[in-house]
1. Mind checking region 115-224 for chymotrypsin sites (Phe, Trp or Tyr not before Pro) that DSSP puts in a loop (not H, G, I, E or B) and that have at most 11 other Cβ atoms within 10 Å?
2. Can you give the local net charge around residue 138? Use residues other than it whose beta-carbon is closer than 11 angstrom to its beta-carbon, Lys and Arg +1, Asp and Glu -1.
3. What pairs in 136/214; 83/208; 103/196; 83/103; 108/136 have C-alpha atoms more than 22 Å from each other?
4. So for 139, 78, 216, fewest C-beta neighbours within 10 Å to most, what's the order?
5. Hey, with R₀ at 30 Å, roughly what FRET efficiency would residue 145 and residue 188 work out to, going by the Cβ-Cβ distance, to 0.05?
6. Within 10 Å of each residue's Cβ, count the other Cβ atoms and sort 176, 153, 190 from fewest upward.
7. Report, in cubic angstrom per residue, the convex hull volume of the C-alpha atoms of region 145-208.
8. Over 18 Å apart: what share of the alpha carbon pairs of region 80-232 falls there, rounded to a whole percent?
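Just so it is clear, none of the values below were taken in a lab; they were calculated from the coordinates. Given the structure is predicted, the values throughout are model-derived calculations rather than measurements. Neighbour counts run over all protein chains shown; Cβ positions are idealised from the backbone, glycine included.
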Amino acid sequence: MDSDNSRTDSVSSASGISTDSRRHVTPVIDMKPIEFWTANRESVQPRSKRRLPSESEISLENFQKDLYEVEQEEEPCLTDEEKLAQFQLGQLHFGLSYDLTSKLFVVKIIEAKDLPPPYCMDDSKQDMAHSNPYCKISLLPDQKASQQTTVQRKTQEPTWNEYFSFDIDYTEAQERTLEILIKDFDKFSRHQLIGKVLLPLNTVNLIKGGHMWKPLSPGNKVSGDEREGGERGGRA
């Protein structure tokens, strides 16, 4: 046995490998914290929360009405005579009244005169001497509940004598603006806007009512998606 042990020791010493070197040695890692340059450090301020006003602080004086009101189109500050002379688009004869019992605002479209021929409104219609006029009635700013007359064929002096009623409270009616558009119906093309009348209802006596002539003012052209509206008409 002694001879065997001495032989083993001599082999190990000859190969230069010790038993301790065969063991797995775990490397030692220096776990020092990483430090950054102090010159790059910035102080971070806490984000302040936005303070909302309480109910007691909210008042009508602080409420900005102009952010929520719908801007209505205003006509130039011209008299009826000046509009008639400047625009030369003709005149519209209509009547207004309000029935307090039924709470109905009634508009009567009577007639129009001196409407310009189509070629004056559109250069591409040189061969057309007469229009096919009809009226569209709205109480601005509401344009969805509009109504319209029948189409009068080939005339610049149309006559309708048609009544249209709007179910609206009297106080609310005084805050509306009556808009009457006269359009030239065209079956194969978009309708041409001949002229319009804008009348704030707080400027007239709705209870007393009455008839009036108003000159037409120019306006924007009608888009092509209203091509079939005038043909159907809409009598109240």
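1. 188
2. Values: positive: 136, 144, 176, 196; negative: 142, 179.
Charge balance near residue 138 sits at +2.
3. Distance filter (> 22 Å) returns 83/208; 103/196; 83/103.
4. 78, 139, 216
5. Details: r = 29 Å, r/R0 = 0.95.
Once rounded, the FRET efficiency stands at 0.55.
6. In increasing order of surrounding Cβ atoms, one gets 153, 190, 176.
7. Considering the Cα atoms of region 145-208, their hull volume per residue is 123 Å³.
8. Values: 6504 of 11628 pairs.
For region 80-232, the share of Cα pairs beyond 18 Å comes to 56 percent.
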